[in-house]
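Asks: One structure, as structure tokens, below. Some questions next.
The values are calculated or read from the model by the stated rules, or taken from the named source; none is laboratory data. Note that this is a predicted model, so its numbers are computed, not measured. Neighbour counts are summed over all protein chains in view; Cβ atoms, including those assigned to glycine, are modelled from backbone coordinates with ideal geometry. Protein only, heavy atoms only, side chains kept; ligands, DNA and RNA dropped before computing areas. Shrake-Rupley method; radii C 1.70, N 1.55, O 1.52, S 1.80 Å.
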Amino acid sequence: MSDLNDRLEVRLAREWQQRGPLAWALTPFACVFGAIAAARRAAFSLGWLKSVRVKVPVIVVGNVTVGGTGKTPTVIALVAALREASFTPGVVSRGYGARVKSPTLVNPSSLASVGGDEPLLIARRASVPVWVCPDRVAAAQVLCAAHPEVDVIVSDDGLQHYRLVRDAEIVVFDHRLGGNGFLLPAGPLRESLSRHRDATLINDPYARTLPPWPNTFALQLAPADAWHLENPTLRRPLAQFGGDRVMAAAGIGAPERFFATLRAAGLKPVTRALPDHYAFERNPFTDVDADTILITEKDAVKLESWHDSRIWVVPVEAALDHRLIALVVEKVRGRSPA
């Protein structure tokens, strides 16, 4: 069943980039989805459904498309920028894939199964309080109570979680942008591309021209030195793997983005795309004949008990445009903590 779901996911991702027969056949369902989404937004806008404002300003980093676009490195970089601007940030997240029903603290020693792979990565890289819960309002309220020093919250995803009042919204796209422009399930869009937001980030390694949307900035992701899974103190520049037989694997929303990064560093890896948030309940590398296996940090947090000397982890660093940081800081300072 898992393999079937994986194949369906790959098929849909391909179809969502074009307006082919399958996409057109699904448009009636997309109309229903759009009507339900619009009614829900209207209910919050008119006050029929209640939105909750927490004690501190909230910045949401999310997307209007299905799948990963680079939100997690953006959150990590934004937390660092806020700290440099003299704020004390915290992070809330849904905790995708984790079995959480109430607000749960994710710290650097947590297991990925407890709070999710992305929150764990944020907790380790950003060194901030991270609380996860499907109810982000509850997570934010508990975070504020448990960490009174926190004066701004960054929500990792949650753009459509209208119950949480936000002071700034950043929407992240990758090179796929809005795909075929259709709403789910005919296309990848959760909401219209024209949806209001304060800023748009485009994570595009192919360096296409930025869309003419207001407050649109390029998101630059650059790889750092790889570290060894079994001995993280060992570091190697990517160029040093040039003479190896390299396999690259990624269980992220857009694996090709990771592979393109490695090729840009001069490597020629054999690649293996895994489903987003791949659980690694079984070892997909048992049949791999390679000197080196390069993986993402998001995957690495789920492999800590593994013993495979071939595996190296490639971290990425996000560089945010100073104009975006200024825009966010202005929004946050415009609403001081209650």
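Asks: Dipole of the chain (Lys/Arg Cβ +1, Asp/Glu Cβ -1, origin at the Cα centre): which of VAL61, CYS31, PRO232 lies farthest to the positive side?
Replies: Farthest along the dipole direction, towards plus: CYS31.
Asks: Rounded to the nearest 500 deg cm²/dmol, what is the calculated helix-only ellipticity per residue at 222 nm for the chain, with -39500 (n - 2.57) per DSSP H run of length n ≥ 4?
Replies: -9000 deg cm²/dmol
Asks: Taking N as the number of residues in segment 159-259, what value does Rg over Cα atoms divided by 2.2 N^0.38 Å take?
Replies: That ratio works out to 1.41.
Asks: Order the following by accessible area, largest value first: CYS133, CYS31. Probe radius 1.4 Å; ligands, DNA and RNA are ignored.
Replies: The ordering from most to least exposed comes out as CYS31, CYS133.
Asks: List the residues, sorted by chain then number, that are 5 or more residues from VAL152 or on another chain and whose placed amide H is less than 5 Å from its amide H.
Replies: THR88, GLY90
Asks: Using θ = phi - 60° and the Karplus relation 6.51 cos²θ - 1.76 cosθ + 1.60, list the HN-Hα couplings for segment 189-202 in order, rounded to whole Hz, with x at every Gly or Pro.
Replies: 7, 7, 9, 5, 4, 7, 3, 5, 7, 7, 7, 10, 10, 10
Asks: Same structure, new question: First obtain the Kirkwood hydrodynamic radius of segment 30-176 from its Cα pairs, then insert it into the Stokes-Einstein equation at 25 °C and 0.890 mPa s, and state the resulting D in µm² per second as a whole number.
Replies: The diffusion coefficient I find is 158 µm²/s.
Asks: Quick one: accessible surface of THR286, probe radius 1.4 Å, all protein chains present, in square angstrom to the nearest 10.
Replies: Near enough 110 Å² of accessible area.
Asks: If you filter segment 239-318 for chymotrypsin sites (Phe, Trp or Tyr not before Pro), then keep DSSP loop positions with at most 14 other Cβ within 10 Å, what is left?
Replies: Those that pass, being in a loop and sparsely packed, are TRP306.
Asks: Let me ask another. Whole-Å semi-axes of segment 111-200's equivalent ellipsoid, largest first, each the root of 5 times a Cα gyration tensor eigenvalue?
Replies: So the three semi-axes of segment 111-200 are 27, 16, 13 Å.
Asks: Nearest 20 debye, what's the magnitude of the dipole of the chain about its Cα centre given +1 on Lys and Arg Cβ and -1 on Asp and Glu Cβ?
Replies: My answer is approximately 1000 debye.
Asks: Related question: Rounded, prolate or oblate: which fits segment 268-338 when a ≥ b ≥ c are the square roots of the eigenvalues of the alpha-carbon gyration tensor, with rounded for a/c under 1.5 and prolate only if a/b beats b/c?
Replies: Verdict is prolate for segment 268-338.
Asks: Determine the distance separating the Cα centre of segment 304-338 from the Cα centre of segment 116-194; give it in Å without decimals.
Replies: Between the Cα centre of segment 304-338 and that of segment 116-194, the gap is 13 Å.
Asks: Exactly which chymotrypsin sites (Phe, Trp or Tyr not before Pro) in segment 126-210 are in a DSSP loop and have at most 10 other Cβ atoms within 10 Å?
Replies: Counting only loop positions with at most 10 other Cβ atoms within 10 Å, the chymotrypsin sites (Phe, Trp or Tyr not before Pro) in segment 126-210 are TYR206.
Asks: What are the ³J(HN,Hα) values, in whole Hz, obtained from phi via the Karplus relation 6.51 cos²θ - 1.76 cosθ + 1.60 with θ = phi - 60°, for each residue of segment 106-117 in sequence order, with x given for Gly and Pro?
Replies: With coefficients 6.51, -1.76 and 1.60, one gets 10, 10, x, 9, 5, 8, 4, 5, 7, x, x, 5 Hz.
Asks: Mind listing the phi-derived Karplus ³J(HN,Hα) values for segment 45-55, rounded to whole Hz, using 6.51, -1.76 and 1.60 with θ = phi - 60°, and x for any glycine or proline?
Replies: Calculated HN-Hα couplings, in order: 5, 8, x, 5, 10, 8, 9, 10, 9, 8, 5 Hz.
Asks: Skipping prolines and chain starts, which residues have an amide H placed within reach, meaning under 5 Å, of the one on LEU274, given they are 5 or more residues away or on another chain?
Replies: So LEU274 has HN proximity to ALA250, GLY251, ILE252.
Asks: Could you check what % of the DSSP bridge pairs in the chain are antiparallel, to the nearest 5?
Replies: Rounded to the nearest five, the antiparallel share is 25 percent.
Asks: Straight-line reach only, C-alpha to C-alpha below 20 angstrom: list the lysines that LYS71 could link to, leaving out same-chain residues fewer than 8 apart.
Replies: In chain and number order, the partners are LYS298, LYS302, LYS331.
Asks: How many Å² of accessible area per residue for the chain, probe 1.4 Å?
Replies: Here the residues of the chain average 47 Å² of exposed surface.
Asks: Amide H to amide H under 5 Å from THR216: which residues, 5+ apart in sequence or cross-chain, H placed 1.01 Å off N in plane?
Replies: So THR216 has HN proximity to THR200.
Asks: How about segment 261-338: which trypsin sites (Lys or Arg not before Pro) there lie in a loop by DSSP and see at most 15 other Cβ atoms within 10 Å?
Replies: ARG282, ARG335
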